[in-house]
Amino acid sequence: MPTKRLSLLIFFLASYLSLLAQGFCVEGIFSSPRKGTAQLTLYEGAGSPRVLRSRVRDSKCVFEGTVTRPVVAELRHSSMAQPLLFYVENSAIRIVVNDQQPARSHVSGSRSNSEYRLVAERWNEQPDYASPYAPMVLLHRDVGPALLADFERLKGEACQGLQYQQLRQRVDRIRATQEGSKLPCFVFVDSSHHKVATDTLLCDTTYNVFLFGASYCGQCLQAQRQLQQLSVNDSLWHTVVCRIDDDPRGWDADWVDRLAIDHIPYIILVAADGTIVERDLRVWELEKKLKSKN
């Protein structure tokens, strides 16, 4: 018996070392022609995350490396409406990237991502608040009040690990900038590449609409045109446009993190005195809300 157990131990150890030696290969495939540089951030626990970069060639990017266990990763590219969260483990992982809705990107070649996807697909009918994958599901699907409510329901294994810490940080940021609180002053880069402080842009005689978007985002450009047209016709608000791609830091800009902007287009309505009235509005919701106040 001892000999048999030793043989099994040696077998599993050899398999583990073989897996480590194999490492991971993450291939990102964009649905339309893309260039530039993609970034893969690995959140492996204590300390700073590991950042890998890859040039996009023929609309593809490739990242290679090794991890000791499945870890949360974040894929970013300037064309993406928001970063894509997924799991990296030592295997060949293929991602068909959905630029406009990254959460709907297809990830294959990883057991952890398959298990996570199963929990996510069942969430509407059978939310599992104790699943270790629950924080990742909420990071992808919920915003604003819905996220705050679901976060309070997490329990057991769901309240452990890095994803839970990331989720809690986002919840804390949303609570700090939710309705009724003052909009924190932040500095962003405008379309002329000048740094601008928001407190110099606030109009103290009407509502202020902050539109967060990007020049490559078709929905953002459409929302900007609608806001400008409505503002000219009705003079209901003053519009401030903050574009993520105007800032060299992109999604890493401190104001993106501070305001918990996790997708674009994103609209925050601010009163003349700087108080946040509502966040994550659609243009039609904004128009209806402001017309009802006048």
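Bear in mind these aren't lab numbers, they're just calculated from the coordinates by the rules spelled out. Everything quoted here is computed from the prediction, not taken from an experiment. Virtual Cβ from ideal backbone geometry, glycine too; neighbours counted across all protein chains shown.
Just checking the listed ones, Ser112, Ser78, Ser31: in the Gaussian network model of the chain with Cα springs under 10 Å, the one fluctuating most is Ser31.
Each of Glu179 and Asp257 was given a label point 7 Å from its Cα along the Cα-to-Cβ line. The distance between the two points is 2.9 nm.
Scalar couplings 3J(HN,Hα) for the stretch 243-260, obtained by applying the Karplus form with A = 6.51, B = -1.76, C = 1.60 to θ = phi - 60°, are 9, 4, 7, 6, 8, x, 7, x, 5, 8, 4, 4, 6, 5, 5, 5, 8, 6 Hz; x denotes Gly and Pro. Computed from the Cα positions only, the extents of the stretch 187-293 along the three principal axes stand at 38, 29, 24 Å, in decreasing order. Unpaired Cys in the chain, meaning no second Cys C-beta under 4.7 Å: Cys25, Cys61, Cys159, Cys185, Cys203, Cys242. With a 10 Å cut-off between alpha carbons and a GNM built on the chain, which of Gln22, Gln163, Gln39 moves the most? Of Gln22, Gln163, Gln39, the Gaussian network model singles out Gln22 as fluctuating most.
A simple rule links phi to the HN-Hα coupling: the Karplus curve 6.51 cos²θ - 1.76 cosθ + 1.60 with θ = phi - 60°, which for the stretch 159-168 gives 9, 10, x, 5, 4, 5, 5, 5, 5, 4 Hz, with x for Gly and Pro. Placing a label point 7 Å from the Cα of Ile29 along the Cα-to-Cβ line, the residues of the stretch 74-95 whose backbone N sits under 17 Å from it are 92-95. Whole-Hz Karplus values for the stretch 278-285 come out as 6, 10, 6, 9, 9, 4, 5, 5 Hz, taken residue by residue from phi with 6.51 cos²θ - 1.76 cosθ + 1.60 and θ = phi - 60°; glycine and proline positions read x. Students often get this wrong, so try it: which of (i) 60, 24, 17; (ii) 41, 22, 16; (iii) 41, 21, 20 is semi-axes √(5λ) of the Cα gyration tensor in Å as calculated from the structure shown? From the options (i) 60, 24, 17; (ii) 41, 22, 16; (iii) 41, 21, 20, the structure gives (ii). For Lys155, the aspartates and glutamates whose Cα comes closer than 13 Å to its Cα, not counting residues fewer than 8 places off in the same chain, are Asp128. Simple spin-label estimate for Asp128 and Ala272 gives 5.3 nm between the two label positions (7 Å along the Cα-to-Cβ direction from each Cα).
Mean-square fluctuations from a GNM of the chain, with a 10 angstrom spring cutoff on Cα atoms, peak among Gly213, Gly109, Gly47 at Gly47. Modelled label positions at Arg111 and Asp190, each set 7 Å beyond Cα in the direction of Cβ, lie 5.5 nm from each other.
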